[in-house]
Structure formats: structure tokens, C-alpha cells
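Data block below; observations after.
The values are calculated or read from the model by the stated rules, or taken from the named source; none is laboratory data. Computed from a prediction, not measured in an experiment: that's the story for all the values here. So basically every Cβ, Gly included, is an ideal-geometry build from the backbone, and we count neighbours across all protein chains shown. The accessibility values were calculated without ligands, DNA or RNA, using every heavy atom of the protein model including side chains. Shrake-Rupley method; radii C 1.70, N 1.55, O 1.52, S 1.80 Å.
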Amino acid sequence: GKICSSLPAQYNVSEIVINPTIQNNSGQTTFCPSSTANFTLNLGGVVPDLIEWSIVSSTGATNFGSIIEGINSANVKVGFNEISSSASGLLKVAVTKCGKTVQKTYPIQLLVKPVITIGTIAPICSNQGNVVVPISITPALPSSAQIKFFIDGVAQGMVNYSGGTSITIPNNFTNQSNNNISRSLTLQLSICNYTSSTSTNVSVYPQTELH
């Protein structure tokens, strides 16, 4: 029979590059225990054959959290448990395409119970202006929090704290005597499922009277 032939044809072929990245939808790096968070897998346009999510603590414990939704999806909902073996962990994903599997991780830090302390407060004039209270909170908080304040154990109100080294509270310090007195100031921080308190004594000058 007759054999037909032609010149070889050449085509440029590029290898599929799998380089996924994990992104937290809220841009957080620290999370509350007993909370949930959503993450998205950026695949750079690659359509994978398989996506598999998992989560473990830094010690390898599997009770750090769980995949609630989307275990084989590019969008996943993760639940974090209460801290047991470690406050840090890894969210893992394995992406498979054409028989090749690439693994990526996202570091997870759960907030441990914060410690709040009050710095030195200068003597206060009774009922004059607001009071700036120097504070420090460790570790740094992942989001804003509420701080209640008490004078001599009596609740006075609440302020929103979103970072910084101080809070400003109304001056509800009274002194009806003719001498300097000491009043107790207590701050109570609430965030996640934690409540942390600290107290200090504040000197209050007598209320000025004009005659």
C-alpha cells in the first residue's frame, strides 16, 4: 500500500505549575478558641483533581480543630477547639493535579487568656475631666474588646478597646472630704470566652470649692 508522510509538527507544551496559597477571609492571624473561621485556597487558575484539608496542633494532636465545611473545596470553614496540648497549629491542604500532589500550610494561633495590667496613674482631681488610664495587654488581641471599669467595686461603665497603651474613662472619682483619699479602680477585659481583671489604687484630691 501507499504510505503517506508529512513533516513533523511541533507544539510548545508547558508544565502545569501547582502553587496554591491559603488565605484567611478576614485577614486574621490569631483566633479565639471555640470559634470558626473561613479560608480560601488561591489556585492561580489551576483546576485541581482533588483538594484535601486537615488541621493539627503544633504537637501533632488532631483535637486542635476540625473541618466543618468544604473538606474537598477551595473554600473551607474551620472550627477551633479549646486549647489543650498547644495554642498553635497548622491548617493543611493537599492539592492533586495530574498525579502530582502539592501540600501547603497556614499557621494558626489561638488566643491564650490575656493579662491586663494598669500603669501608674497620677493623682486625680475629683470630678474634673476624663481620666487616661495607661494599660498593657499581653498577648496582643486579635480584635477589639470591651473593658468594664469599676470604682470601689461599683460598675461605672464600659469602653471599647481596639489597641494602644491607654484607655480614657469618665472621671467618676469623687472625694467629699478635705483630704486626699484612695479609691480602687478595677478594669475587666472580656474577649473570646475569657475575662481578665486587674485593680489599682488611685489617689483622689478633695473637690475644689470656690468661695
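Annotations
- Output for the range 171-184, where each listed residue is over 12 Å from Gln207 (Cβ atoms) and open to solvent by 60 Å² or more (accessible area, probe 1.4 Å): Ser182
- Selection count, the range 100-117, where residues are open to solvent by 70 Å² or more (accessible area, probe 1.4 Å) and touching a residue at least 60 places away in the same chain (Cβ under 8 Å): 6
- Scanning the range 13-34 for residues that are of a type in the set (S, T, N, Q) and part of a loop (DSSP other than H, G, I, E, B) yields Ser14, Asn19, Asn25, Ser26, Gln28, Thr29, Ser34.
- Annotation: Ile108 fulfils all but one of (1) under 30 Å from Ala37 (Cα atoms); (2) part of a loop (DSSP other than H, G, I, E, B); the unmet one is (2).
So that you can scan it fast, the table gives a plain yes or no per residue for (1) over 24 Å from Gly27 (Cβ atoms); (2) under 25 Å from the mean Cα position of the chain (by Cα); (3) among the small types (Gly, Ala, Ser):
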{"site": "Asn42", "(1), (2), (3)": "no, yes, no"}
{"site": "Ser58", "(1), (2), (3)": "no, yes, yes"}
{"site": "Ala74", "(1), (2), (3)": "no, yes, yes"}
{"site": "Cys98", "(1), (2), (3)": "yes, no, no"}
{"site": "Lys113", "(1), (2), (3)": "no, yes, no"}
{"site": "Ile118", "(1), (2), (3)": "yes, yes, no"}
{"site": "Asn130", "(1), (2), (3)": "yes, no, no"}
{"site": "Pro134", "(1), (2), (3)": "yes, yes, no"}
